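These notes concern the structure reproduced below.
Any read-out appearing in this document is the output of simple, stated calculations on the displayed coordinates, not a laboratory observation. Just so we're clear, the structure is a prediction, and the values are computed from it rather than from any experiment. Every residue, glycine among them, receives a Cβ derived from its backbone with ideal geometry; neighbour counts consider all protein chains shown.
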Amino acid sequence: MHFSALFIYTVFTVSTACAFVIQENYDFQVELGDGKLSALQLANKYGYRTELFEIETNDGYILELHRITGSGSTMYDKSLPPVLLMHGLLASSADWLMIGPGNALAYELSDMGYDVWLGNARGNRYSRRHKYLSTNEVEFWEFSWHEIGIIDLPAIIDHILEATRKHKLHYIGHSQGTTAFFVMGSLLPDYNEKILLMQALTPVAYMEHMSSPLLKKFVKHLGTIATIIELFGLGEFKPVPNILIDLASWICPGSKPNNLCVNALFLLTGSNPEQIDPLMIPILLGHIPAGSSTKQILHFGQEVLSGRFCQFDYGTRRNLIIYGQEKPPDYNLTNIVAPIILHYGRNDHLAHVENVERLARQLPNLMESHLIDMPLFNHMDFLIAKDAKKLLYTQIVDNIEQFNRYNWVRWIKPMR
Ligand SMILES: *[C@@H]1O[C@H](CO)[C@@H](O)[C@H](O)[C@H]1NC(C)=O
């Protein structure tokens, strides 16, 4: 078996076996079974009203777009701008719901009266249909976050603005949800006009300082496109063989909260044991990995190696044909004129502080750079930390409120 099987999906899938951690004091209002529900079932379970839309992109993908319209008898406030939340790599709309009512960002926004929309990128569990292609065909998986940025996001944004008859919306992205936004903002500058404020949670554009030991090992082997295709093909990014899942229940007994699987997850995303509620591990692993193409992952790997934020590298010969130049073109960050706030963590293995700060220096309309006030805050903490609400969500919601109230008055001057 190739080393690839030991790559990140091992971490995730192996960890599914860590499923039964019993705990007396819950930090979150969640239940073990939450990992088995779909995003919409989850929201409904906790009393939120939802809507489901299916959007067809101009290249034939059918994306599920989820909406939370309020809870109980309260409806969202039509005078407020809609808010779009976009998930990260191998993730889905459920990201924004996992830690339950009273904590999760989507519920917080809904409780404040916002019309909350949750996107799903092509290839994730809610967006696996296509007008002509099936997921068994390699062509279905011929995309990276480049296509998510230039096709899916515009389709989602246009749908929301049309449905709500608004001109602009608030955008919040996690990880790849920020990468795709930067792609859109640089290649389709008109879309910047449709964004009131973009808030980036663990912003990913430059990646050369990526410090996950596991991923570093992987990236070292990325060498040539030939190796890549030999190892993976360019289809769906496949979870590990079942045998490893069986092994996992033996390696990672659920009775031990500090088992190997939990540590493997930390190895990947950064470790912050104080902030993790053991009950969240099985719930998290019920929703992640939610599916992606191999090409998405390779594209990130290329960024680590090249230190550039640029389009997919097909190798010199194919680059010449596709781009008319030997190297893939950079995404021009100067074009991203939407107002942006970056939220980042000191212990984020995937969005390293130095890389976020490099990005920050190049964004023309950066409003604020918010380094989370906790030394060990990591990549997943943005979604599942016990104190995510206190350290982050309160501020995100406050930024939105301030922005709506004063719009350009308070924000008249970008940071530079
Ligand atoms: C990037 O975009 C800016 C603004 O549109 C433009 O002035 C600049 O020449 C572009 N840079 C490159 C390298 O294309």
(request) Compute the length gained on full extension between T394 and T135: take 0.36 nm times their separation in residues and subtract their Cα-Cα distance, giving the result in nm to one decimal. (result) 89.3 nm
(message) I'd like to know how segment 116-187 sits against the 2.2 N^0.38 Å rule of thumb: what's its Cα Rg over that expected value?
(response) 1.16
(message) Using a Förster radius of 30 Å, what is the FRET efficiency between T334 and E142 based on their Cβ-Cβ separation? Nearest 0.05, please.
(response) 0.55
(request) Largest first and to the nearest Å, give the Cα extent of segment 293-416 along each principal axis. (result) 51, 34, 24
(request) Would you mind working out the magnitude of the charge dipole of segment 310-416 relative to its Cα centre, with +1 at each Lys and Arg C-beta and -1 at each Asp and Glu C-beta, to the nearest 20 Debye? (result) 200
(message) Checking the a/c ratio against 1.5 first, then a/b against b/c, what shape does the Cα gyration tensor give for segment 172-215?
(response) prolate
(message) I want to verify the translational diffusion coefficient of segment 42-198 in µm²/s; compute it with Stokes-Einstein, Rh as the Kirkwood radius over Cα pairs, at 25 °C and 0.890 mPa s.
(response) 156
(request) Using θ = phi - 60° and the Karplus relation 6.51 cos²θ - 1.76 cosθ + 1.60, list the HN-Hα couplings for segment 41-56 in order, rounded to whole Hz, with x at every Gly or Pro. (result) 4, 4, 4, 4, 3, 9, x, 9, 8, 10, 9, 10, 10, 10, 10, 9
(request) Would you mind getting me the FRET efficiency between L320 and Q41? Use the beta-carbon distance for r and R0 = 56 Å, nearest 0.05. (result) 0.70
